[in-house]
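Trainee: Got a structure for you, written out below as structure tokens; questions coming shortly.
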Amino acid sequence: MAKVLVVADIKNGSLGSSTTELLSKAKAIGAEAAVVAIGSGIESLTANLAGAGSATQYIADDPSLAMFSAGPYAACVVDAANQFGADMIWFGFSESGKASAPRVAAQLDVACATDITDVILNGDQIEIVRPAIANKVKQRVKVNTPKLVAVVRAGAFEAEEGISGSENVVKLAAPAADLKAVIKEIVSDASGDIDLADADIVVSVGRGAKNQEGVDLVKALADELKAGFGSSRAMVDAGLMPHNKQVGQTGKIVAPTLYMAFGISGAIQHIAGMSGAKVILAVNKDPEAPIFNLADYGIVGDLFEVVPVLREEIKKVRG
């Protein structure tokens, strides 16, 4: 039986949804699943980690791990992988995962694959699926090392209900400090907006918003829906939206339950960042806009006219 070690996604003391999704996928392919959790003051998450489907919980809980640093975090993952005898180590699609995965692969001398959307086991042979050429094709890749380190694309795996595990805690020793790089401070987004990667609904604004007035109009809808607020690259280049709000190939990849695109034409680079959404609503003046080829629901119209109507209808429904 293959063994999969999932690296828990922990933010502000809470367990991210990707952890459950990855553990569910491990169970779905018939693998034995364990999880490694790294941070400070996180032992209270043990029951949640077991409930998400892990049979063993490797816990690295130490004040020195309160702030993410790729070196020490990778050392903890390697320690857990060696103790567990993991065939695969899976990271969720996060900045910490993307920073740590190559280090873990290098230390274990195994293959590293990023942005994967599926894993197939053919006996002892591991194969992965990943998008390429801005999502135009899918590659099926054979892994030529006995083990694999992978970063899984956001929303690629579904969290299954009824999955459960058992508590079996293994405490990991705190790793040595990284003398080559010391984290002095972490500066977070001070806007208080919902993180795009965690949002169940994402509302994004594009060139059709024209100016700050248009951005504010769509932002008001996002706030009312308690949604993440994103944008196309055009709005970032115009200085109307910060880069950390950009959705697309060179921005963030999101996979919410509902994605609402206002004034976004649907260039392939943007599509690459949101095509994993379960339901897509697009609003654009141009009936030939490429976004409509992907959208489940489309409204041909000026967002300055459509958004106020949507806000009123949503208020009526919420009654």
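Trainee: Can you give the accessible area per residue of the chain, in Å², using a 1.4 Å probe?
Mentor: 48 Å²
Trainee: In percent, how large is the relative contact order of the stretch 37-147, given Cα pairs closer than 8 Å and 6 or more residues apart?
Mentor: On the way: 128 pairs, mean separation 19.6, N = 111.
Rounded, it is 18 percent for the stretch 37-147.
Trainee: Under a crude label model (7 Å from the Cα following the beta-carbon direction), how far is V169 from A238 in nanometres?
Mentor: Inter-label distance under the simple model: 5.2 nm.
Trainee: Among DSSP beta bridges whose residues both lie in the chain, state the antiparallel percentage, nearest 5. Walk me through the numbers before you get to the answer.
Mentor: Values: 13 of 59 bridges.
Roughly 20 percent of the beta bridges in the chain run antiparallel, per DSSP.
Trainee: If I take R0 = 45 Å and measure r between the Cβ atoms of E313 and I29 in this structure, what FRET efficiency does the formula 1/(1 + (r/R0)^6) give, to the nearest 0.05? List each step's numbers first, then the result.
Mentor: On the way: r = 43 Å, r/R0 = 0.95.
According to the calculation, E is roughly 0.55.
Trainee: For the chain, give the percent of accessible area contributed by carbon and sulfur heavy atoms, probe 1.4 Å, rounded to a whole number.
Mentor: Ligands and nucleic acids excluded, carbon and sulfur give 50 percent.
Trainee: Calculate, for E158 and E43, the FRET efficiency according to 1/(1 + (r/R0)^6) with r their C-beta to C-beta distance and R0 45 Å; round to the nearest 0.05.
Mentor: On the way: r = 28 Å, r/R0 = 0.63.
Once the sixth-power term is evaluated, E becomes 0.95.
Trainee: Given points 7 Å out from each Cα along the Cα-Cβ axis, report the D286 to I120 separation in nanometres with one decimal.
Mentor: The two pseudo-label positions are separated by 3.7 nm.
Trainee: Quick one: which residues, 5 or more positions from D62 or on another chain, have an amide H under 5 Å from its amide H? H modelled 1.01 Å from N in the peptide plane, none for Pro or chain starts.
Mentor: When sequence neighbours closer than 5 places are left aside, the close amide H contacts are G39, S40, G41.
Trainee: Given the pairs K226/K315; K11/K98; K27/K252; K27/K138; K136/K210, which span a C-alpha to C-alpha distance of over 18 angstrom in this model? Mind dumping the intermediate values first?
Mentor: Numbers: K226/K315 13 Å; K11/K98 15 Å; K27/K252 28 Å; K27/K138 24 Å; K136/K210 29 Å.
The pairs that break the limit, which is 18 Å between Cα atoms, are K27/K252; K27/K138; K136/K210.
Trainee: What size of dipole, in debye to the nearest 20, comes out for the chain about its Cα centre when the only charges are +1 on Lys and Arg C-beta atoms and -1 on Asp and Glu C-beta atoms? Intermediate results must be reported in sequence, preceding the final value.
Mentor: Numbers: 29 positive and 37 negative charges, 123 e Å.
Here the chain has a charge dipole of around 600 debye.
Trainee: Select from the stretch 224-319 those GluC sites (Glu not before Pro) which occupy a DSSP coil region and have at most 15 other Cβ atoms within 10 Å, ordered by residue number. It would help to have the intermediate numbers written out before the result.
Mentor: On the way: sites: E224, E288, E305, E312, E313; in loops: E288.
Taking the stretch 224-319 and a limit of 15 other Cβ atoms within 10 Å, the loop GluC sites (Glu not before Pro) found are E288.
Trainee: Under 10 °C and 1.306 mPa s, how fast does the chain diffuse according to Stokes-Einstein, given a Kirkwood radius computed over C-alpha pairs? Answer in µm²/s, whole number.
Mentor: My calculation gives 76 µm²/s for D.
Trainee: Now, a different point. Show H270, H243 ordered by accessible area, largest first, where the area counts protein heavy atoms only and the probe is 1.4 Å.
Mentor: On the way: H270 15, H243 110 Å².
From most exposed to least exposed: H243, H270.
Trainee: When only Cα pairs under 8 Å and 6 or more residues apart are kept, what is the percent relative contact order across the chain? Provide the component values of the computation, followed by the final result.
Mentor: Values: 690 pairs, mean separation 45.2, N = 319.
In percent, rounded to a whole number, it is 14.
Trainee: Exactly which trypsin sites (Lys or Arg not before Pro) in the stretch 134-204 are in a DSSP loop and have at most 12 other Cβ atoms within 10 Å? Let's see the in-between values first.
Mentor: Values: sites: K136, K138, R140, K142, K147, R153, K171, K180, K184; in loops: K136, K147, R153, K180, K184.
Here the trypsin sites (Lys or Arg not before Pro) that fit, given the DSSP loop and packing criteria, are K136, K180, K184.
Trainee: Would you grab the residues whose amide H sits under 5 Å from the one on G230? Only those 5+ places off in sequence or on another chain, please, with H modelled 1.01 Å from N.
Mentor: V203, S204, V205
Trainee: Another one. Would you kindly derive the ³J(HN,Hα) couplings of the stretch 53-61 from the backbone phi angles with the Karplus curve 6.51 cos²θ - 1.76 cosθ + 1.60 (θ = phi - 60°), listing them in order in whole Hz, with x for Gly and Pro?
Mentor: Whole-Hz 3J(HN,Hα) from phi for the stretch 53-61: x, 8, 8, 9, 10, 8, 10, 10, 10.
Trainee: If you filter the stretch 129-213 for GluC sites (Glu not before Pro), then keep DSSP loop positions with at most 14 other Cβ within 10 Å, what is left?
Mentor: Sites meeting the loop and neighbour criteria: E158, E160, E161, E167, E185.
Trainee: For Cα pairs less than 8 Å apart in space and 6+ apart in sequence, what is the mean separation divided by the residue count of the stretch 67-226, i.e. the relative contact order in percent? Mind showing how you got there, number by number?
Mentor: Details: 180 pairs, mean separation 36.9, N = 160.
It comes to 23 percent, rounded to a whole number.
Trainee: A follow-up question, please. With θ set to phi - 60° and the Karplus curve 6.51 cos²θ - 1.76 cosθ + 1.60, what are the ³J(HN,Hα) couplings of the stretch 4-10 in order, to the nearest whole Hz, using x for Gly and Pro?
Mentor: So the Karplus estimates, Gly and Pro as x, are 10, 9, 9, 8, 5, 9, 10 Hz.
The values are calculated or read from the model by the stated rules, or taken from the named source; none is laboratory data. As the structure is a computational prediction, the values presented were derived from the model and not from experiment. Reconstructed Cβ throughout: ideal geometry from the backbone, glycine too, with neighbour counts over all protein chains shown. Surface areas here come from the heavy atoms of the whole protein model, side chains and all, with no ligands, DNA or RNA. Shrake-Rupley method; radii C 1.70, N 1.55, O 1.52, S 1.80 Å.
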